[in-house]
Amino acid sequence: MKIQMVDLKGQYLKIKDEVDAGIQNVIDNTAFINGPIVKEFAQHLSDYLGGCYVTTCANGTDALQIALMALELKPGDEVIVPAFTYVASAEVIGLLGLTPVMVDVDYETFNVSVDNIKKALSPKTKAIIPVHLFGQSCDMEPILAFANEHNLYVIEDNAQAIGAEYTFSDGHKANTGTMGTIGCTSFFPSKNLGCYGDGGAIFTSEAQLAERIHMIANHGQRVKYHHSVIGCNSRLDSIQAAILDVKLKHLDEYGSARYAAASYYTAKLKEFDPDEKFFITPKELENSTHVYHQYTLKIKNEKRDALKAYLDEQGIPSMIYYPLPLQEQEAFKPITRAAEELEKSRACAYSVLSLPIHTEMTKEVQDEVINAIREFYK
Ligand SMILES: *Cc1c(COP(=O)(O)O)cnc(C)c1O
């Protein structure tokens with residue numbers, strides 16, 4: 001059998017009866033848009049996240065855009081964003097006429113730290129978008145303290161880490177996406193909580209802000225055909241909500257399965273390369289769980305592209321998330337203010353390689369991946 005980066009079919013087969021019934025129910029009731037299941041799913045997701053307000057929307061990029069729109073930022077206002085992330089985190093900033101200010105990520109964790117964020121502060125700074133990249137939380141406590149001190153909004157891009165949990169120094173725990181002013185996520189099929197099309201959601205614990213977010217996602221109207229602000233049309237459809245409502249019940253189990261697969265990779269790869277001569281395995285933090293949206297190695301000695309080519313030849317998929325830091329992307333050059341050198345973001349982009357990981361991984365498949373890597377270095 002061909003090895004895949006993500007096995008959505010195997011996962012579907014295990015929940016097929018429930019998912020099929022949920023989809024059929026939507027079709028039987030023809031409540032395709034804003035059917036009751038959309039509200040039910042939003043409520044279940046809110047319960048899962050500890051009770052925040054949840055607004056569902058059309059995708060994760062819209063979620064970030066609507067979050068920024070809800071904060072009433074003005075053209076020229078600066079928003080701090082990591083240089084090493086998926087484009088969407090920064091794209092929405094540019095789209096709204098705001099200025100993305102790129103900061104470096106930590107080479108070990110792939111995430112932004114408060115030290116990097118500090119370097120980017122200016123009188124125009126209004127918000128920070130920490131991205132919980134690859135499934136592990138940014139170190140939020142100092143980031144939240146810094147934001148509080150300087151009156152900045154925090155929008156967590158939680159598209160890759162839903163289900164991860166951060167522990168504060170006093171011992172209390174919080175879900176990623178629920179710590180900042182607003183949290184955003186994506187239900188793109190391959191995400192940890194993915195639907196069978198596009199979807200997204202926005203979280204906040206502030207009632208007034210939640211109402212504003214809801215209104216903006218719905219053409220800026222509170223009352224139908226009465227538009228108080230310019231909004232957009234961004235909806236999660238009922239079929240996707242029905243699928244997500246089934247999958248949400250399995251989210252923690254999915255996170256554990258990914259974690260187990262990652263642990264196996266790390267144990268075997270470290271056995272082979274104990275002194276990190278060839279590559280660096282993912283670092284796990286003490287104050288965050290890791291839900292391994294991606295299992296990402298940093299390949300040393302500029303061997304990344306050669307290793308990837310070798311794995312391709314052997315029929316082993318691997319992916320480069322992401323090949324360019326944002327400051328090197330054509331679209332961002334004219335609009336970005338770079339706070340510093342961004343050399344670690346560059347170093348990440350030029351060394352990362354993500355291995356296949358999903359909820360249906362078997363040790364046999366992982367052994368094939370690991371053996372191919374060993375062969376390459378022989
Ligand atoms: C997937 C992703 C998004 C965007 O989600 P879409 O649903 O594809 O629009 C945003 N940020 C990050 C970090 C992502 O991984």
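Details
- Share of pairwise Cα separations in the chain, more than 36 Å, in percent: 23
- Efficiency of FRET between S256 and A31 - r from beta-carbon atoms, R0 56 angstrom, step 0.05: 0.95
- For A174, the shell of other residues with beta-carbons less than 12 Å away shows a net charge of -3, using +1 for Lys and Arg and -1 for Asp and Glu.
- Note on the stretch 331-345 and the stretch 227-265: Cα centroid distance 31 Å, given to the nearest whole angstrom.
- Put simply, when 121-133, 256-268, 156-168, 322-334 are sorted by average Cβ atoms within 10 angstrom per residue, most first, you get 156-168, 121-133, 256-268, 322-334.
- Listed residues R346, R304, R222, most fluctuating in the chain (Gaussian network, C-alpha, under 10 Å): R222
- Under the Debye formula (equal points on every Cα, no solvent term), log10 I(q)/I(0) of the stretch 225-311 at q = 0.24 Å⁻¹: -1.21
- Mean Cβ count within 10 Å, highest first, over the residues of peptides 193-200, 360-367, 244-251: 193-200, 244-251, 360-367
- Bridge orientation summary for the chain: considering DSSP beta bridges with both residues in this region, about 60 percent are antiparallel.
- The translational diffusion coefficient of the stretch 251-376, from Stokes-Einstein at 20 °C and 1.002 mPa s with a Kirkwood hydrodynamic radius over alpha carbon pairs, comes to 135 µm²/s.
- For the residues E40, E211, E149, a GNM of the chain with alpha-carbon springs under 10 Å puts the largest fluctuation on E149.
- Radius 11 Å from Cβ of E72, net charge of other residues (Lys, Arg +1; Asp, Glu -1): +2
- Each peptide among 27-39, 46-58 gets the average number of other Cβ atoms lying within 10 Å of its residues, and from highest to lowest they stand as 46-58, 27-39.
- Mean ellipticity per residue at 222 nm, deg cm²/dmol - from DSSP H runs of n ≥ 4 across the chain, formula -39500 (n - 2.57): -12000 deg cm²/dmol
A short reminder: the numbers here are calculations on the coordinates, not readings from a lab. A quick note: this is a predicted structure, and the numbers were derived from the prediction, not measured. Every residue, glycine among them, receives a Cβ derived from its backbone with ideal geometry; neighbour counts consider all protein chains shown.
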